[in-house]
1. Which condition breaks for Leu84 when tested against (1) in a helix (DSSP H, G or I); (2) farther than 30 Å from Thr297 by Cα; (3) open to solvent by 20 Å² or more (accessible area, probe 1.4 Å)?
2. Kindly provide the set of residues from the range 244-259 that are open to solvent by 60 Å² or more (accessible area, probe 1.4 Å) and out of contact with any strand residue (DSSP E or B) (no Cβ under 8 Å at 6 or more places or on another chain), ordered by number.
3. Find all pairs meeting these conditions: Cβ atoms under 7 angstrom apart; at least six residues apart or on different chains; first residue within the range 156-179 and on the phi > 0 side of the Ramachandran plot; second residue open to solvent by 30 Å² or more (accessible area, probe 1.4 Å) and in a loop (DSSP other than H, G, I, E, B).
4. Right, Thr241: farther than 20 Å from Asp147 by Cβ and either open to solvent by 40 Å² or more (accessible area, probe 1.4 Å) or without any contact (Cβ under 8 Å) to a residue 24 or more places away in the chain (or both) or not?
5. Which condition does Gly122 not pass, out of (1) open to solvent by 20 Å² or more (accessible area, probe 1.4 Å); (2) more than 21 Å from Thr62 (Cβ to Cβ); (3) assigned to a loop (DSSP other than H, G, I, E, B), if it passes all the others?
6. Has the range 184-192 got at least one residue that is in contact (Cβ under 8 Å) with a residue 60 or more places away in the chain, part of a strand (DSSP E or B), surrounded by 20 or more Cβ atoms within 10 Å (Cβ to Cβ) and of a type in the set (A, V, I, L, M)?
7. From the list Thr102, Thr63, Thr76, Thr67, which residue is β-branched (Val, Ile, Thr) and more than 25 Å from the chain's Cα centre (by Cα)?
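The values are calculated or read from the model by the stated rules, or taken from the named source; none is laboratory data. Everything quoted here is computed from the prediction, not taken from an experiment. Positions of Cβ are backbone-derived with ideal geometry, glycine not excepted, and every protein chain shown enters the neighbour counts. Side chains included, ligands, DNA and RNA excluded: accessible areas come from the protein's heavy atoms. Shrake-Rupley method; radii C 1.70, N 1.55, O 1.52, S 1.80 Å.
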Amino acid sequence: MTIRWFKTMAAVCTVAFLAACGGGDDDPAPVAPAQRNIVQVAQGNANLSILVEAVVAADLATTLSGTGPYTVFAPTDAAFASLLAELGVTKAELLANRALLTQVLTYHVLPARVPASAVPAGQAITTVEGGIFKIDAQAGGALVITDGRNREANITLTDVAASNGVIHVIDRVLLPANQDIVQTAQASADFSVLVEAVVAANLVPTLQGTGPFTVFAPTDAAFAALLAELGVTKDALLANTALLTEVLTYHVVPGRVLAANVPVGTPITTVQGDTFSVNASLAITDQRGRMANIVATDVLTSNGVIHVVDRVILPAP
């Protein structure tokens, strides 16, 4: 998408936003958006009424009325209604849970003015809350957010101007990550052998640590193929702690490396110490010249990211 497209959409969206705010001929002349702060702009939009209530309940109105600048991804009332159903709580219960409310709301705020044209697509975006999410540009220019729980939200309106920042309207309330790498793997039926292997190698405490880590996670089918390749049983593999540790740590890279930042054609050093390389098609070549495909990318966790691979990669013999 081009900068010109974003500028055009920004102009159209700003006009649409002002029109949605209402105001007849008898009303006082409205204050220009650039002279109203983020809270005042939100207060002027009937579709953001629950967001305004939440900001007040969390005692964040003063902060978001301050100098900033801030970027706020603002969920609509419909987005909050969906969240209430998802969490199984009432609006009153949500607004009364100040700790949760503060965590969720600050997860929607960036400590800088980031217009749509400057959104770093595919990158880890750090919020005021401390967690990360990412934004991807879809075909046709749509912007989609993936939150810390791998839920998706669409940015439906961009670049609503405020004196202390900018607002982007979204159709789903974002939630920060609540599972680490091990918990995320445990929640997937595709990683049962990987989880068994991590436990057998006593790597659970490490992979539940602060990190961040990037894990290239082999599926159960990938482990089944490895057992056939090595001519061993699963029990024999799990009992060989030294080999298991070497193989598993070869799948871990220090730091959070999203797919957009994977260095193509450059040796990537693993926690195990050996390297592997990734080509432009997201195929890995390990130290034995074997290839594995990255079949799913950017599964976000509280302490890193998981990329799914269809073959267990192996370090040098």
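1. (2)
2. Glu246
3. Pairs that qualify, where the first residue is on the phi > 0 side of the Ramachandran plot and the partner is open to solvent by 30 Å² or more (accessible area, probe 1.4 Å) and in a loop (DSSP other than H, G, I, E, B), are Asp159/Pro115; Gly165/Gly68; Gly165/Pro69; Gly165/Arg113.
4. yes
5. (1)
6. No, because not a single residue in the range 184-192 is in contact (Cβ under 8 Å) with a residue 60 or more places away in the chain, part of a strand (DSSP E or B), surrounded by 20 or more Cβ atoms within 10 Å (Cβ to Cβ) and of a type in the set (A, V, I, L, M).
7. Step by step, each of Thr102, Thr63, Thr76, Thr67 is checked, and only Thr67 is β-branched (Val, Ile, Thr) and more than 25 Å from the chain's Cα centre (by Cα).
Each row is one residue, and each column tells you yes or no for (1) of a type in the set (A, V, I, L, M); (2) under 30 Å from Asp310 (Cβ atoms); (3) modelled with pLDDT of 95 or more.
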site: Arg113; (1), (2), (3): no, no, yes
site: Asp147; (1), (2), (3): no, yes, yes
site: Asp159; (1), (2), (3): no, no, yes
site: Ala162; (1), (2), (3): yes, no, yes
site: Val199; (1), (2), (3): yes, yes, yes
site: Thr206; (1), (2), (3): no, yes, yes
site: Phe216; (1), (2), (3): no, yes, yes
site: Ala221; (1), (2), (3): yes, yes, yes
